[in-house]
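**Student:** Dumping the structure here so I can ask a few things about it.
The values are calculated or read from the model by the stated rules, or taken from the named source; none is laboratory data. Everything quoted here is computed from the prediction, not taken from an experiment. All Cβ positions, even for glycine, are placed from backbone atoms using ideal geometry, and neighbour counts span all protein chains on display.
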Amino acid sequence: MNVWPLKFREMSDGSVLFCDDAGGFFKSTDGFLDRYAADGLTTVDETFLRDGNHGFDREFDLRWTSFAYRWARRQARPTRMNYVILVPTLRCNLACGYCQVSRAAEKARGYDWSDETLSRTISFLDRLEGSDIKIEFQGGEPLLRVDLLQTVRDFCRGKFSRSQFVVCTNLQALDERAWTFLDADDTFISTSLDGDRTTHERQRTHGSAVTDVFFRNLETAASRYPEGKISALPTVDVANPPDFDALLDNYERFGIRSVYLRPINHQGFARKIQQGDNVLARWNRLHAEFIDRLIARNHRTGRFMEEYYFSQCLKVRSASGPTATSTFATRTSSPPTMSS
Ligand code: SF4
């Protein structure tokens, strides 16, 4: 059994108070402290610690997960809400195999906000306290309803002193109105770029003409807007990963230096995708291989690119020191805006 790190303090009655980083605590004796420090816990000690959720047998078993949950809750104290994700439509003009939302066909009816939903959304935003807001528009493909995005943005600009908007778009269908909406300095683009053209087409666009449109729009956006306005994420199929060098070349070509490698999330339509056994271990190996390539590439080219999640791990680790709990911090830190 593995025991989570325990802190301890002698109490006035001679007992010893132990506590862990998730807030669990118990009282015991000097004898227990000696056994704990010398790695000589008895079977009774271990049973007590296991029952009290101070230890675990394997990573990701129930006790491990329960500790992680309690630890994460202590780190993320509720603050005033200033980040809201809105889904004005579930309709989409693509049909990605790994889609994790309940998307509907582009021409489907009944999957957009009604007037009532819009007005309830506005009154919800109106009740928020605080001077700043960040709104993330998700879908479906949110640019199919620029009118709804416009109404929300106009309202937020009037109510909050600082507001920012992120449109998570597949960049497939942009008319003049959509480009004008995106042109605003307070509005950002998050999209999906699954690596090289072949992978992107296999996973998302399913046809050469549609792929051309995507890359043309991405090219236009990259030349129209300053660096930092566009972010992109690749979704990686562990069973069929992209060529990582080609992926990095493609991102750099469009001025995107931060790559948040994300695995397929088995929800929604993605539940149908078979990835074989030991997906987590295979993902970790793949991720490690990507980091090695990235570091070698940065060294070779003298230019900087990062893997976002790995950068967060390094930041948390250097901030909290090499403790067992820092592992959880990396798992609970917020990723950048998720593209659809
Ligand atoms: S992943 Fe996004 S772009 Fe692809 S089908 Fe789903 S909602 Fe549409």
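**Student:** Collect the residues in segment 162-178 that are of a type outside the set (Val, Ile, Thr) and either surrounded by 22 or more Cβ atoms within 10 Å (Cβ to Cβ) or closer than 22 Å to LEU233 by Cβ (or both), keeping them in residue-number order.
**Tutor:** Of everything in segment 162-178, those that are of a type outside the set (Val, Ile, Thr) and either surrounded by 22 or more Cβ atoms within 10 Å (Cβ to Cβ) or closer than 22 Å to LEU233 by Cβ (or both) turn out to be GLN164, PHE165, CYS168, ASN170, LEU171, GLN172, ALA173, LEU174, ALA178.
**Student:** Okay, moving on. ALA296 versus (1) assigned by TED's automatic domain parsing to the domain that holds GLN100; (2) more than 30 Å from LEU6 (Cβ to Cβ): which is the lone unmet condition?
**Tutor:** Of everything listed in (1) assigned by TED's automatic domain parsing to the domain that holds GLN100; (2) more than 30 Å from LEU6 (Cβ to Cβ), ALA296 misses just condition (1).
**Student:** Right, another one. Working only within segment 47-85, note down all residues that are within 17 Å of PHE8 (Cα to Cα) and outside any strand (DSSP E or B).
**Tutor:** Answer for segment 47-85, where residues must be within 17 Å of PHE8 (Cα to Cα) and outside any strand (DSSP E or B): PHE48, LEU49, GLY52, ASN53, HIS54.
**Student:** Continuing with this model, one more query. In segment 91-121, what residues are in contact with a helix residue (DSSP H, G or I) (Cβ under 9 Å, 6 or more places away or on another chain) and acidic (Asp, Glu)?
**Tutor:** Those that are in contact with a helix residue (DSSP H, G or I) (Cβ under 9 Å, 6 or more places away or on another chain) and acidic (Asp, Glu): GLU106, ASP112.
**Student:** May I ask you to list the residues in segment 125-142 that are in a helix (DSSP H, G or I) and touching a residue at least 12 places away in the same chain (Cβ under 8 Å)?
**Tutor:** Answer for segment 125-142, where residues must be in a helix (DSSP H, G or I) and touching a residue at least 12 places away in the same chain (Cβ under 8 Å): LEU125, ASP126, PRO142.
**Student:** Let me ask another. Looking at the structure I just gave you, is ASN82 within 16 Å of the ligand (Cβ to nearest atom), under 28 Å from GLN164 (Cα atoms) and touching a residue at least 12 places away in the same chain (Cβ under 8 Å)?
**Tutor:** The answer is no for ASN82.
**Student:** Output the number of residues of segment 184-200 satisfying the condition of being touching a Ser or Thr at 6+ places or on another chain (Cβ under 8 Å) and within 13 Å of the ligand (Cβ to nearest atom).
**Tutor:** 5
**Student:** Among (1) more than 16 Å from the ligand (Cβ to nearest atom); (2) outside any loop (DSSP other than H, G, I, E, B); (3) not hydrophobic (A, V, I, L, M, F, W, C), which single condition is GLY110 missing?
**Tutor:** The number of the failed condition is (2).
**Student:** Select from segment 32-62 the residues that are of a type in the set (Asp, Glu) and either surrounded by 10 or more Cβ atoms within 10 Å (Cβ to Cβ) or in contact with a strand residue (DSSP E or B) (Cβ under 6 Å, 6 or more places away or on another chain) (or both) and write down the one among them that is farthest from PRO5 (Cα to Cα).
**Tutor:** ASP61
**Student:** A follow-up question, please. In segment 290-308, is there at least one residue being among the hydroxyl-bearing types (Ser, Thr, Tyr), surrounded by 13 or more Cβ atoms within 10 Å (Cβ to Cβ) and part of a helix (DSSP H, G or I)?
**Tutor:** Checked against the condition, which is being among the hydroxyl-bearing types (Ser, Thr, Tyr), surrounded by 13 or more Cβ atoms within 10 Å (Cβ to Cβ) and part of a helix (DSSP H, G or I), segment 290-308 yields at least one hit.
**Student:** Scan segment 46-63 and report the pairs whose first residue is closer than 18 Å to TYR36 by Cβ and polar (S, T, N, Q) and whose second residue is at pLDDT 90 or above and part of a loop (DSSP other than H, G, I, E, B), with Cβ atoms within less than 9 Å and a gap of 6+ or a chain change.
**Tutor:** Partner pairs satisfying both residue conditions: ASN53/TRP4; ASN53/ASP20; ASN53/ALA22; ASN53/GLY24.
**Student:** For CYS92, work out the one condition from (1) farther than 23 Å from ILE264 by Cβ; (2) touching a residue at least 12 places away in the same chain (Cβ under 8 Å); (3) not basic (Lys, Arg) it doesn't fulfil.
**Tutor:** Answer for CYS92: the failing condition is (1).
**Student:** How many residues does segment 225-244 contain that are surrounded by 13 or more Cβ atoms within 10 Å (Cβ to Cβ), farther than 18 Å from ARG202 by Cα and charged (D, E, K, R)?
**Tutor:** Summing the residues that are surrounded by 13 or more Cβ atoms within 10 Å (Cβ to Cβ), farther than 18 Å from ARG202 by Cα and charged (D, E, K, R) in segment 225-244 gives 1.
**Student:** Hey, does segment 188-206 have a residue that's touching a His at 6+ places or on another chain (Cβ under 9 Å) and either part of a helix (DSSP H, G or I) or in contact (Cβ under 8 Å) with a residue 60 or more places away in the chain (or both)?
**Tutor:** Within segment 188-206 (the criterion being touching a His at 6+ places or on another chain (Cβ under 9 Å) and either part of a helix (DSSP H, G or I) or in contact (Cβ under 8 Å) with a residue 60 or more places away in the chain (or both)), the answer is yes, since at least one residue qualifies.
**Student:** While we're looking at this one, here's another question. Do we find that VAL152 is within 14 Å of the ligand (Cβ to nearest atom), surrounded by 13 or more Cβ atoms within 10 Å (Cβ to Cβ) and at pLDDT 95 or above in this structure?
**Tutor:** Against the criterion (within 14 Å of the ligand (Cβ to nearest atom), surrounded by 13 or more Cβ atoms within 10 Å (Cβ to Cβ) and at pLDDT 95 or above), VAL152 does not qualify.
**Student:** Condition first: at pLDDT 95 or above, touching a helix residue (DSSP H, G or I) at 6+ places or on another chain (Cβ under 7 Å), away from the ligand (no atom under 16 Å from the Cβ) and not aliphatic (A, V, I, L, M). Can you find one or more residues in segment 122-142 that meet it?
**Tutor:** Yes, because at least one residue in segment 122-142 is at pLDDT 95 or above, touching a helix residue (DSSP H, G or I) at 6+ places or on another chain (Cβ under 7 Å), away from the ligand (no atom under 16 Å from the Cβ) and not aliphatic (A, V, I, L, M).
**Student:** Something else now. Here is a check on your reading of the model: is ARG145 touching a residue at least 60 places away in the same chain (Cβ under 8 Å) and within 14 Å of the ligand (Cβ to nearest atom)?
**Tutor:** So ARG145 fails the test.
**Student:** All but one of (1) crowded, with 19+ Cβ neighbours inside 10 Å; (2) outside any helix (DSSP H, G or I) hold for LEU182, so report the exception by its number.
**Tutor:** The number of the failed condition is (2).
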